[in-house]
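The values are calculated or read from the model by the stated rules, or taken from the named source; none is laboratory data. Remember, it's a predicted structure, so these values are computed and weren't measured experimentally. Cβ sites come from the backbone with ideal geometry, for glycine too, and all protein chains shown count toward neighbours.
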Amino acid sequence: MIWGTNKVQKQELTPAQQELNFQVEFFAAKIQAFLTQINRIILDKEQQTKLALCCLLSGGHVLFEDLPGLGKTTLSSALSHIAGLKFQRIQFTNDMLASDVIGVNIFNQKEHQFEFKQGPIFTQILLADEINRCSPKTQSALLEAMEEGRVTVDGVRYDLPQPFWVIATQNPLFQSGTYSLPESQLDRFLMRLSLGYPSRLAEKLLLQQDSRYALISTLQHVFNEHEILVIQQLVAQVYIADAVLDYLLDLATETRKRPHGLSTRGLLALKKAAQAHAFIEQRSYVTPDDVQAVFAAVVSHRMGLSEAEALQLMQQVHIS
């Protein structure tokens, strides 16, 4: 029996299931092209680039945490370029204000009225570079945008372009001039990823090749705005069998034996990430392998755990 398909195997596929299988096959080549191009830029980090793509295709934001100089910003720039979406970058500093991110109302003396001047957040892909170098007050300016896809200024709500994806980078907290991200903001990131040091062979290639940014400019756009929105809708339709749902619930129950267990929003994020991983693996159904592939990246930052601790926690739950 194949996980997640036992129910479908016992009956004829519905038209909706047939259409989903067709769409999974249709986008498989583009997904592979995306991964091939991104792995030309970020060498020897196939797992991290696949998880980053999971975030994009599921509509979830991603946080990269590493020491400076390990490729966080390079990966973020490459992701936005290949995705073929509008892109803005904010370099966060300790003197930034929320209005520098969202925008501000400015009085037009000619028209004798206030006009809203949009901030850089009005884009499809926002690179929030070194996000933890600004104050918590400025960091919180992203909360509504990341959760609801809109911002509120002086009581007026403004919708952000869709799709809206935040790629944030942060430096370790032991470095000077950094602030901890509020728990409420950490929870809005679908995944926290770390690239780590490259392998010796990959680092040798980096020394031999041209600048990464020069290579990024040679990459082709793989997706467009419409395709990303379509895939995000398809990912939400990926089938999850009751047995896999029970496995998700068992994992959540195990985390809740700790003081800060996985919230319901965190459990929904784990489900969404597993669906995206299944789609990338060219399947229209989720298996426990998909859940395990994304578990540490989805759970660790929500519970204040390292990746190793999250993996150890996951191993304590058996698949029934």
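Is there any pair linking a residue in the stretch 137-160 that is over 19 Å from D95 (Cα atoms) and among the small types (G, A, S) to one that is modelled with pLDDT under 85 and in a loop (DSSP other than H, G, I, E, B), with Cβ under 6 Å and at least six apart or on different chains, and which?
Partner pairs satisfying both residue conditions: none exist.
Scanning for something out of contact with any strand residue (DSSP E or B) (no Cβ under 6 Å at 6 or more places or on another chain) and either acidic (D, E) or more than 29 Å from V230 (Cα to Cα) (or both), does the stretch 45-61 turn up at least one residue?
For the stretch 45-61, residues out of contact with any strand residue (DSSP E or B) (no Cβ under 6 Å at 6 or more places or on another chain) and either acidic (D, E) or more than 29 Å from V230 (Cα to Cα) (or both): present.
Can you list residue pairs whose Cβ atoms sit under 8 Å apart, with the first residue in the stretch 225-250 being in contact (Cβ under 8 Å) with a residue 24 or more places away in the chain and within 13 Å of L270 (Cα to Cα) and the second being assigned to a helix (DSSP H, G or I) and among the β-branched types (V, I, T)? Count only pairs 6 or more apart in sequence or on different chains.
Close Cβ pairs (under 8 Å, with a partner that is assigned to a helix (DSSP H, G or I) and among the β-branched types (V, I, T)) amount to V244/V291; Y247/V291; L248/V291.
On the given criteria, is Q275 out of contact with any Pro (no Cβ under 8 Å at 6 or more places or on another chain), without any contact (Cβ under 8 Å) to a residue 40 or more places away in the chain and farther than 26 Å from L181 by Cα?
no
Out of K45, K50, K30, I need the residue that is touching a Pro at 6+ places or on another chain (Cβ under 9 Å) and in contact (Cβ under 8 Å) with a residue 24 or more places away in the chain. Which one?
Matching residue, one of K45, K50, K30: K45.
Name every residue in the stretch 176-211 that is within 22 Å of the chain's Cα centre (by Cα) and part of a helix (DSSP H, G or I), in order of residue number.
Passing the criteria: E183, S184, Q185, L186.
Where residues in the stretch 199-216 are within 24 Å of S80 (Cβ to Cβ), touching a residue at least 24 places away in the same chain (Cβ under 8 Å) and out of contact with any Asp or Glu (no Cβ under 6 Å at 6 or more places or on another chain), which of them is surrounded by the most Cβ atoms within 10 Å (Cβ to Cβ)?
In this case the residue turns out to be I216.
What pairs can you find where one residue is in the stretch 171-188 and on the phi < 0 side of the Ramachandran plot, the other is at pLDDT 70 or above and among the small types (G, A, S), and their Cβ atoms are less than 8 Å apart, with a gap of 6+ or different chains?
Qualifying pairs under 8 Å: L173/S180; Y179/S135; P182/S140; S184/S140; Q185/S140; D187/S263; D187/G266.
Specify the residue that is farthest from the chain's Cα centre (by Cα); the eligible residues are those in the stretch 263-290 that are closer than 21 Å to H318 by Cα and hydrophobic (A, V, I, L, M, F, W, C).
V286
Specify the residue that is farthest from Q23 (Cα to Cα); the eligible residues are those in the stretch 265-299 that are among the small types (G, A, S) and surrounded by fewer than 23 Cβ atoms within 10 Å (Cβ to Cβ).
G266
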